[in-house]
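The values are calculated or read from the model by the stated rules, or taken from the named source; none is laboratory data. All figures in this text were calculated on a predicted structure; none of them were measured in a lab. FYI the Cβ positions are ideal-geometry reconstructions off the backbone, even for glycines, and counts take in every protein chain you see.
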Amino acid sequence: FLVDPNDTSALIKVIEINTFLWGGLYNPIIPAFKRKPKVYKNIDYGRLTSRQIVLGYLDAYDPDYVVLMEDSSFSNFNSINKRIIKFSDILSIVKEEGIPKYGIGFFELLNYFIKEELKFIRRKPLNICFPNFKRPFSAFMAAFFGVVPDFIGNIIKENYDNILSTERPFF
């Protein structure tokens, strides 16, 4: 994911998608800045441009896909030798089909978990929690614990809360 490091709402959207995707924890979130930040002057990047630094991150992580935000001003990264997908494409079919367009989704894993792990009565009940985070630390808490988009949270409430006995505390 290429994300403007100054766009908190875009960062939270990326965290939501990575929470939904299996293995999303390992998807790199690359700061795609327009200008090299001042803090980078203290690091030995020499005369590298911000574009070269971002391309270096992409080369180091070597992702299968590069995800761009729709309103991204990083269109100059379209020339890289990676498969580029739009942010909105990933979850575009979840409401209709329950799966992401790319990768393995939360519902696929949750259905497997229910089928395999909840088929027997447990001695100790599971405590499953979908926390709600309040500002000013919501972005940090989302990055630390994960968070799903609202429409996916609603699908979970409608279809899984009674099976999983979930809690939804506010922090």
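Somewhere in the stretch 116-131, is a residue in contact with a Lys or Arg (Cβ under 9 Å, 6 or more places away or on another chain) and at pLDDT 90 or above?
No, the stretch 116-131 contains no residue that is in contact with a Lys or Arg (Cβ under 9 Å, 6 or more places away or on another chain) and at pLDDT 90 or above.
Give the stretch 1-21 a look and list any residue that's part of a loop (DSSP other than H, G, I, E, B) and either at pLDDT 90 or above or surrounded by fewer than 13 Cβ atoms within 10 Å (Cβ to Cβ) (or both), or say none.
Phe1, Asn6
Report whether or not Lys41 is more than 30 Å from Leu109 (Cβ to Cβ) and in contact with an Asp or Glu (Cβ under 9 Å, 6 or more places away or on another chain).
no
Please work out which one of (1) modelled with pLDDT of 85 or more; (2) of a type in the set (Phe, Trp, Tyr); (3) surrounded by 11 or more Cβ atoms within 10 Å (Cβ to Cβ) is the condition Tyr26 fails and give its number.
Unmet for Tyr26, out of (1) modelled with pLDDT of 85 or more; (2) of a type in the set (Phe, Trp, Tyr); (3) surrounded by 11 or more Cβ atoms within 10 Å (Cβ to Cβ): (3).
Collect the residues in the stretch 46-74 that are in contact with a strand residue (DSSP E or B) (Cβ under 8 Å, 6 or more places away or on another chain) and at pLDDT below 85, keeping them in residue-number order.
If the condition is that a residue be in contact with a strand residue (DSSP E or B) (Cβ under 8 Å, 6 or more places away or on another chain) and at pLDDT below 85, then Met69, Glu70, Ser72, Phe74 are the ones that fit.
Determine, yes or no, whether Arg35 is touching a Ser or Thr at 6+ places or on another chain (Cβ under 7 Å) and surrounded by fewer than 18 Cβ atoms within 10 Å (Cβ to Cβ).
So Arg35 passes the test.
Kindly establish whether Tyr102 is crowded, with 16+ Cβ neighbours inside 10 Å, at pLDDT below 95, over 17 Å from the mean Cα position of the chain (by Cα) and aromatic (Phe, Trp, Tyr).
no
Quick check on the stretch 32-46. Is at least one of its residues over 13 Å from the mean Cα position of the chain (by Cα) and on the phi > 0 side of the Ramachandran plot?
Yes, the conditions are met somewhere in the stretch 32-46.
Anything in the stretch 132-160 that is surrounded by 15 or more Cβ atoms within 10 Å (Cβ to Cβ) and either over 22 Å from Gly98 (Cα atoms) or in contact with a Cys (Cβ under 7 Å, 6 or more places away or on another chain) (or both)? List them, or say none.
If the condition is that a residue be surrounded by 15 or more Cβ atoms within 10 Å (Cβ to Cβ) and either over 22 Å from Gly98 (Cα atoms) or in contact with a Cys (Cβ under 7 Å, 6 or more places away or on another chain) (or both), then Phe133, Ser138, Ala139, Met141, Ala142, Ala143 are the ones that fit.
Given the criteria touching a Phe, Trp or Tyr at 6+ places or on another chain (Cβ under 9 Å) and modelled with pLDDT under 85, does Phe171 qualify?
So Phe171 fits the description; yes.
Please go through the stretch 22-46 and give me each residue that is in a strand (DSSP E or B) and closer than 30 Å to Ile155 by Cβ, ordered by number.
Passing the criteria: only Ile30.
Is it true that Ile114 is touching a helix residue (DSSP H, G or I) at 6+ places or on another chain (Cβ under 7 Å), in a helix (DSSP H, G or I), surrounded by 12 or more Cβ atoms within 10 Å (Cβ to Cβ) and hydrophobic (A, V, I, L, M, F, W, C)?
It is true that Ile114 is touching a helix residue (DSSP H, G or I) at 6+ places or on another chain (Cβ under 7 Å), in a helix (DSSP H, G or I), surrounded by 12 or more Cβ atoms within 10 Å (Cβ to Cβ) and hydrophobic (A, V, I, L, M, F, W, C).
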